[in-house]
Each structure stands twice: as structure tokens, then as C-alpha cells.
Amino acid sequence: MSATVTVTLRFAARSDVGLVRSNNQDSAYAGPHLLVVADGMGGHAGGDVASRIAIAALAPLDTADHGPEQALEDLERTVEQARLDLVHASEADPDLAGMGTTVTALLRSGNTLAMAHLGDSRAYLLRDGVLTQVTVDHTFVQHLVDTGRISPDEAEHHPQRNVVMRVLGDFDVDLTPDMSIREARPGDRWLLCSDGLSGFVPPEQLTEVLVESETPDEAADMLVTLAMTAGSTDNITVVVADVVDEDDAAAAVVDESVQVVGAAANDAPPLPAGIGGHDDAAHAGDHDPDDLEDDDPDDGDVRPVSRRRRPWVGVLVTLLVLGGIAYGGWWLYGWTQQQYYLGVVDGQVAIYQGIPASVGPLSLSTPVELTGTSVDDLPAYWADQLDGTIRAASREEAVERADRLIAEATPEPTATPTPSPSPSASPEAQEATG
């Protein structure tokens with residue numbers, strides 16, 4: 001048998017703010033030895049900072065200094081350092097309190113991959129034409145599936161499917177990530193993504209794109225376009241990486257420039273002092289954390305990639321939608337009008353037809369029914385979800401979901417207790433009053 005094949009990674013990273021959100025809270029990193037997706041959360045001020053901090057902490061791992069046995073330990077220790085950085089940042093700026101981020105990371109050491117995972121971002125492996133979800137979502141709905149309370153099909157439309165139970169956060173809780181070792185086999189194609197992709201595009205379509213795309217760049221571009229076409233209401237971030245024979249890679253002249261996308265690549269205020277790039281974080285290597293925000297085109301080590309690195313993606317979606325209108329119900333526009341979601345009209349819970357997006361002056365949704373229930377009467381959690389994230393496949397399903405919300409807002413009637421007879425009453429009196 002021939003000697004073990006030495007492998008390398010050919011990779012691409014993309015991130016888009018999406019059709020609805022006003023800012024991108026996702027970040028991703030792709031390099032010769034490290035792949036990371038981080039989906040930040042914590043409001044407008046905190047989510048993007050959280051994902052940037054995670055990338056800044058993990059980026060120095062992108063070196064060849066890790067032995068196979070050491071890589072997993074290095075990765076776990078650095079994820080913990082990222083958590084401490086989040087705590088430090090929120091203590092320095094109270095406006096950032098409550099921020100958090102998912103982390104899904106692969107660290108290559110020779111022919112092995114160390115994996116760390118927290119949250120509901122995902123890692124998929126395409127091997128021999130079969131796509132497998134490698135990670136398990138740390139969500140309330142996945143817990144219900146694991147305990148047999150709901151089916152996987154029910155989980156796809158569950159109103160609490162976005163409730164994440166484990167993330168990298170600034171709260172003082174030790175949440176250990178899922179850690180594992182994987183084989184890096186030539187011919188494998190890895191996909192790391194935020195739920196802006198996996199929450200809107202079914203595995204069958206992911207498989208089709210990953211199988212048919214010639215390169216990681218082509219696959220990443222197509223996946224972002226597919227998510228936007230599906231009406232994704234979240235930021236969309238993907239990293240696609242092929243495991244290739246190093247000899248074949250050398251012949252193909254693989255570009256090993258680091259790609260940083262999303263919030264970590266945007267111009268932003270510097271992180272608080274001492275955050276990112278720790279010397280003791282698993283042999284930090286030669287990366288300077290400031291490189292993550294370096295816009296110097298002469299920098300050959302780090303290549304920040306704008307969240308709009310492929311501007312034609314947005315243009316393509318626009319043309320597709322406008323083309324659908326011009327040609328009288330082309331399939332894409334027709335598909336949007338078969339969707340429903342819950343939103344708000346004049347302070348009331350409303351049912352919308354379409355998707356929560358606009359193309360220029362054209363809105364792709366219309367309110368079709370008012371429930372008469374005030375948003376102010378809902379529990380705070382449900383009120384916050386009325387931004388297009390509560391979707392339905394039909395109007396009937398939308399009505400059913402609205403009814404559930406209304407039930408949350410309507411207190412159950414309190415039964416009037418039956419008066420007990422006085423202890424001093426005679427048996428005859430008790431019988432008479434009974």
C-alpha cells in the first residue's frame with residue numbers, strides 16, 4: 001500500500017447581509033489550516049462585535065504548528081479564550097452586555113481535522129456524493145427532537161426553532177463546546193454555514209449545489225444566491241473547503257491567501273485592548289490580529305473579503321425578481337407569493353403573504369389578515385419574533401401560528417372556587433348549602 005497522502009485545503013468564504021437585516025452580525029475565516037463560521041447575536045450593538053472577537057481569537061491558530069494530538073487541545077483552549085475575551089469586552093462596554101456568538105471551527109493538522117462547535121451554525125461533509133450534517137444544533141427544538149417530543153419535520157416549522165441553548169457568550173457560565181477529531185480525506189468537501197443558509201435551504205438543494213459546483217468559489221457563490229432566492233431573513237455566511245492531495249494542489253497552484261468575511265472584515269472600531277491574538281492561545285503563530293481589518297491591498301497574508309465580494313449576487317436576485325414580474329408570474333416571484341409569515345400592522349399581529357423583503361420600491365409581501373391582537377399584549381419573546389422569522393408554508397398554517405400567539409397573549413380564565421362550608425355549621429346546614 002502506498003504512503004499516506006498529504007492533503008491541503010482549497011477554500012472559499014462568503015457572507016452577505018441578506019434581504020432583511022440592516023447589518024451583518026456573521027463573521028467567517030478561511031485559511032490553509034483553519035475554517036471558522038461565527039453567527040453573532042445580542043442586538044445591533046453586540047452581535048457583530050461578538051463574532052469579530054471570536055474570529056480574532058481563533059485566527060492565530062492558522063499555522064502548521066499543531067501536532068495531531070495537540071490540535072484538539074489547542075482549539076478547545078482558544079475557544080475558551082474567545083469566551084473570556086467576550087466577557088472582558090462586555091465589562092469594558094456595558095452596551096455590549098448579553099452578546100454572544102455561535103462558533104463552528106475546523107483546525108487541520110496533517111491529515112486530521114479538529115472540530116469545535118457551539119450553537120446552531122452547522123458543518124456538513126460531502127463524501128462520495130452523500131451529504132452528512134456533522135454537527136448537532138444546540139437549540140431548544142433539537143432538544144425536543146432528541147427527546148422524542150417532536151419529529152424532525154415538526155422542528156423545521158416550530159415557532160421556537162431559533163432559540164439557541166448553547167453559545168459562546170459573555171455570561172459567567174462554562175459551556176464546553178462539542179469537540180471531535182475528523183479524518184481529512186482527499187475528495188471530501190466541507191461546508192460550514194450560519195443558519196441564514198441552513199434554515200432556509202433544504203439539504204437536498206445543498207447537496208445538489210455542492211456536488212455540481214466545480215470549485216469552492218462557485219459553490220459558495222451559488223449557496224448565497226440560493227439562500228437569498230429562498231427568502232432568507234437572516235445574514236448568510238458560508239465557508240466551502242475541498243480536501244485535496246497536496247501534490248495535485250501544487251499542480252493547480254492553490255491560492256492560500258486567508259479570506260475573512262462578514263463583520264470581521266468590515267471597517268469597525270478596534271476591539272478593547274488585550275482582545276484577540278493571545279500569545280498563550282495554542283501557539284499563536286505569526287498572524288497579527290490587526291490584519292483582520294487591514295485594507296492594504298499589498299498585504300499578501302490576509303485578504304479581507306467584503307460581505308459583497310460578489311456584487312452580482314444581489315444584482316442577480318434583483319433581476320430574477322423583476323424578471324418574474326415582467327414575464328407574468330415567473331417561478332421565482334410566484335414562489336414568494338406562496339409564502340406567509342407573521343408581522344405587524346399598526347401595532348397588531350398580522351398575517352403577510354410573500355417574503356419580508358423589498359427590491360427597490362417593490363415590496364414582496366402584503367398584509368392579508370389582521371388578528372386584532374396588539375403586539376403589546378404578547379410576551380416580550382414573541383413580540384421580538386415578529387420581524388418575518390415566524391414563517392408558514394400556507395395561509396392556513398399562518399392562521400394556526402397566529403392563534404398560538406394570541407393564546408399566549410390571552411390569560412387563561414381563573415375558576416371561581418367553590419366556598420367551603422364553615423366548620424361551625426351543622427350537618428343540616430352543610431347539606432342545605434351544598
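The values are calculated or read from the model by the stated rules, or taken from the named source; none is laboratory data. On a predicted model such as this, the values are computed, not experimentally measured, just so you know. Here the Cβ positions follow ideal geometry from the backbone for every residue, glycine too, while neighbour counts run over all protein chains shown.
Given the criterion touching a Ser or Thr at 6+ places or on another chain (Cβ under 7 Å), on the phi < 0 side of the Ramachandran plot and surrounded by fewer than 24 Cβ atoms within 10 Å (Cβ to Cβ), identify the matching residue among 94, 32.
32
Within the stretch 43-62, can you find the residues that are surrounded by fewer than 20 Cβ atoms within 10 Å (Cβ to Cβ) and either in contact with a helix residue (DSSP H, G or I) (Cβ under 7 Å, 6 or more places away or on another chain) or not small (Gly, Ala, Ser) (or both)?
Across the stretch 43-62, the qualifying residues are 44, 45.
For the stretch 63-92, give me each residue that is of a type outside the set (Asp, Glu) and in contact with a helix residue (DSSP H, G or I) (Cβ under 7 Å, 6 or more places away or on another chain).
66, 75, 78, 81, 82, 86, 89, 90 - these are the residues of the stretch 63-92 that are of a type outside the set (Asp, Glu) and in contact with a helix residue (DSSP H, G or I) (Cβ under 7 Å, 6 or more places away or on another chain).
Tell me, yes or no, whether the stretch 66-88 has at least one residue that is of a type in the set (A, V, I, L, M, F, W, C), within 16 Å of the chain's Cα centre (by Cα) and within 12 Å of residue 100 (Cβ to Cβ).
The answer is no; no qualifying residue exists.
What's the number of the only condition in (1) modelled with pLDDT under 90; (2) within 17 Å of the chain's Cα centre (by Cα) that residue 196 fails to meet?
Among (1) modelled with pLDDT under 90; (2) within 17 Å of the chain's Cα centre (by Cα), residue 196 violates only (1).
Failed condition for residue 412, given (1) modelled with pLDDT of 55 or more; (2) out of contact with any strand residue (DSSP E or B) (no Cβ under 8 Å at 6 or more places or on another chain); (3) of a type outside the set (A, V, I, L, M), with all others met?
So the condition that residue 412 fails would be (1).
Looking at this structure, is residue 119 buried (at least 20 other Cβ atoms within 10 Å of the Cβ) and farther than 20 Å from residue 9 by Cα? Quick ask: steps written out before the conclusion?
Details: buried (at least 20 other Cβ atoms within 10 Å of the Cβ): yes; farther than 20 Å from residue 9 by Cα: yes.
Against the criterion (buried (at least 20 other Cβ atoms within 10 Å of the Cβ) and farther than 20 Å from residue 9 by Cα), residue 119 qualifies.
From the list 74, 65, which residue is in the same structural domain as residue 139 (by TED's automatic domain parsing), modelled with pLDDT under 90 and more than 16 Å from residue 194 (Cβ to Cβ)?
Numbers: 74 fails: modelled with pLDDT under 90.
65 is the lone residue from the list that is in the same structural domain as residue 139 (by TED's automatic domain parsing), modelled with pLDDT under 90 and more than 16 Å from residue 194 (Cβ to Cβ).
Can you report the number of residues in the stretch 202-225 which are surrounded by fewer than 20 Cβ atoms within 10 Å (Cβ to Cβ) and within 23 Å of residue 118 (Cβ to Cβ)?
1
Within the set of pairs 6+ apart or on separate chains, which have a first residue in the stretch 361-380 that is assigned by TED's automatic domain parsing to the domain that holds residue 338, a second that is surrounded by fewer than 13 Cβ atoms within 10 Å (Cβ to Cβ) and modelled with pLDDT of 85 or more, and C-beta atoms under 6 Å apart?
So the pair list comes out as 374/347; 375/347.
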